[in-house]
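Novice: What follows is a structure written as structure tokens; I'll ask about it next.
The values are calculated or read from the model by the stated rules, or taken from the named source; none is laboratory data. None of these values were measured; they are calculated from a predicted model. Every residue, glycine among them, receives a Cβ derived from its backbone with ideal geometry; neighbour counts consider all protein chains shown. Keep in mind that these areas ignore ligands, DNA and RNA; they rest on the heavy atoms of the full protein, side chains included. Shrake-Rupley method; radii C 1.70, N 1.55, O 1.52, S 1.80 Å.
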Amino acid sequence: MRIVGLTGGIASGKSTVSNLFKANGIPVVDADVIARNVLKKGSGGWKRVVAAFGEEILLPSREVDRPKLGQMVFSSDSKRQLLNKLMAPYISSGIFWEILKEWVKGAKVIVVDIPLLFEAKMDKWTKPIVVVWVSQETQLTRQMERDGLSEEDARNRVMAQMSLDLKRGNADIVIDNNGGLDELHQQFDKVLSEIRRPLTWFEFWRSRQGAFSILGLVTSGLFVCKQLN
């Protein structure tokens, strides 16, 4: 199985690229979706986050007010680190189980969409790593237009993340999304061809088909040994 790491930053267009993978039949494990499930009312993650940040982050329905929590943690390094620490075990286990589900289905290639791919040290489990890159100016402009944020709030959110320039330096494949959708689609088509290339031997043995092949070889070997004895 080939596990492709997809990452980027706020307003970089990573979600658009993720949706393009889905539209082309590539299974995507989305860490943001898992993170939302982790914060559902009554879950283990919900209990730990509410205990740490107080009931002021809750809506009348007792669900987490995600915009309010986001504003709180993006303005404080210590609170952001605390939130990441609390949620990391739940998100990691959620990603593992989603990957396992795709493995059972026989998927040969999957994309793991993780905003904090490098920060969470999960880049060592993915190859190749695809980074959706834009300039910081483009990030700020798109975020202000999309979310109606002030420049200060937008900048706080951008600066709270690992810089896209640094991520780009650690990428195997870079998608430059400073242009329009047509240019993005052209780049994506090349990326799609790259990740659909034949599996390496290591990737094949890691897939369900490879595992069954190994099991078959071992079983055949044991049978031959038994016959010889």
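Novice: Measuring from centroid to centroid over Cα atoms, what is the spacing of the range 119-184 and the range 1-42 in Å?
Specialist: The range 119-184 and the range 1-42 have Cα centres spaced 14 Å from each other.
Novice: Going by a ≥ b ≥ c, the root eigenvalues of the Cα gyration tensor, does the range 1-111 fall in the rounded group (a/c under 1.5), the prolate group (a/b larger than b/c) or the oblate group?
Specialist: Working: a/c = 2.34, a/b = 1.78, b/c = 1.32.
Prolate, because a/c is 1.5 or more and a/b exceeds b/c.
Novice: Hey, another quick one. Taking only protein heavy atoms and a 1.4 Å probe, what accessible area per residue, in Å², does the chain have with all protein chains in place? Before the final figure, lay out the partial values.
Specialist: On the way: 12950 Å² over 229 residues.
Here the per-residue accessible area is 57 Å².
Novice: Let me check against my output: what whole-number percent is the relative contact order of the chain, with C-alpha pairs under 8 Å and at least 6 apart? Could the numbers behind the result be given before it?
Specialist: Values: 276 pairs, mean separation 75.6, N = 229.
Relative contact order for the chain comes out at 33 percent.
Novice: Can you compute 3J(HN,Hα) from phi for each residue in the range 133-147, using the Karplus curve 6.51 cos²θ - 1.76 cosθ + 1.60 with θ = phi - 60°, rounded to whole Hz and x for Gly and Pro?
Specialist: 3J(HN,Hα) across the range 133-147, in whole Hz: 10, 9, 5, 4, 4, 5, 4, 4, 4, 5, 5, 5, 5, 6, 9.
Novice: Pull up all non-local amide H partners of VAL29: gap of 5 or more, or a different chain, and H-to-H distance under 5 Å with H placed in the peptide plane.
Specialist: When sequence neighbours closer than 5 places are left aside, the close amide H contacts are VAL111, VAL112, ASP113.
Novice: Then there's this: With θ set to phi - 60° and the Karplus curve 6.51 cos²θ - 1.76 cosθ + 1.60, what are the ³J(HN,Hα) couplings of the range 177-184 in order, to the nearest whole Hz, using x for Gly and Pro?
Specialist: In residue order, the calculated couplings are 10, 6, x, x, 5, 4, 5, 4 Hz.
Novice: Ok, one more. Would you indicate which of (i) 20.8, 78; (ii) 17.6, 55; (iii) 18.4, 73 is the value of Rg and Dmax of the Cα atoms in Å derived from the coordinates of this structure?
Specialist: Computed from the coordinates, Rg and Dmax of the Cα atoms in Å corresponds to (i).
Novice: Could you give the length gained by full extension between ARG36 and LEU116, i.e. 0.36 nm per residue of separation minus their alpha carbon distance, to one decimal place? Please report the intermediate quantities before stating the final value.
Specialist: Working: separation 80, 0.36 × 80 = 28.80 nm, distance 1.48 nm.
Gain in length upon complete extension: 27.3 nm.
Novice: Leaving out ligands, DNA and RNA, what percent of the accessible area of the chain is carbon and sulfur, probe 1.4 Å? Show your work: numbers first, answer last.
Specialist: Values: 7360 of 12950 Å².
Solvent-exposed carbon and sulfur of the chain make up 57 percent of the total.
Novice: Next up: Which of the trypsin sites (Lys or Arg not before Pro) found in the range 30-123 are in a DSSP loop and have at most 16 neighbouring Cβ atoms, other than their own, within 10 Å?
Specialist: Working: sites: ARG36, LYS40, LYS41, LYS47, ARG48, ARG62, LYS68, LYS79, ARG80, LYS85, LYS101, LYS105, LYS108, LYS121; in loops: LYS40, LYS41, ARG62, LYS108, LYS121.
Here the sparse-neighbourhood loop sites are LYS40, LYS41, ARG62, LYS121.
Novice: For the Cα atoms of the chain, what angle does the longest principal axis make with the long axis of helix 14-23, in degrees from 0 to 90, nearest 10?
Specialist: That helix lies at roughly 40 degrees to the long axis.
Novice: Using label points projected 7 Å from each Cα along Cα→Cβ, tell me how many nm separate LEU181 and GLU152, to one decimal.
Specialist: 3.5 nm
Novice: A further question follows. Please give the net charge around LEU166, taking every other residue with its beta carbon less than 14 angstrom from that of LEU166, where Lys and Arg add +1 and Asp and Glu add -1. Display every interim value, and only then the final one.
Specialist: On the way: positive: LYS167, ARG168; negative: GLU119, ASP123, ASP165.
Once all neighbours under 14 Å are counted, the net charge is -1.
Novice: Past 23 Å, Cα to Cα: identify those pairs from LYS167/LYS190; LYS41/LYS124; LYS85/LYS127; LYS41/LYS68, in the order given.
Specialist: On the way: LYS167/LYS190 20 Å; LYS41/LYS124 32 Å; LYS85/LYS127 25 Å; LYS41/LYS68 16 Å.
Correct reply: LYS41/LYS124; LYS85/LYS127.
Novice: With a cut-off of at most 15 other beta carbons within 10 Å, and DSSP calling the residue loop, which chymotrypsin sites (Phe, Trp or Tyr not before Pro) in the range 1-90 qualify? Please list them. Walk me through the numbers before you get to the answer.
Specialist: Details: sites: PHE21, TRP46, PHE53, PHE74, TYR90; in loops: none.
When the chymotrypsin sites (Phe, Trp or Tyr not before Pro) of the range 1-90 are filtered for loop state and at most 15 Cβ neighbours within 10 Å, nothing remains.
Novice: Which ³J(HN,Hα) values in Hz, rounded to whole numbers, follow from the phi angles of the range 36-49 under the Karplus curve 6.51 cos²θ - 1.76 cosθ + 1.60, where θ = phi - 60° and Gly and Pro get x?
Specialist: Values per residue, Gly and Pro as x: 5, 5, 4, 9, 5, 3, x, 6, x, x, 4, 4, 5, 5 Hz.
Novice: Where both residues lie in the chain, what percent of DSSP beta bridges are antiparallel, nearest 5?
Specialist: 5 percent
Novice: What number, rounded to the nearest 500 deg cm²/dmol, is the helix-based mean residue ellipticity at 222 nm of the chain, given -39500 (n - 2.57) per DSSP H run of at least four residues and division by all its residues?
Specialist: When only DSSP H runs of four or more count, the value is -18500 deg cm²/dmol.
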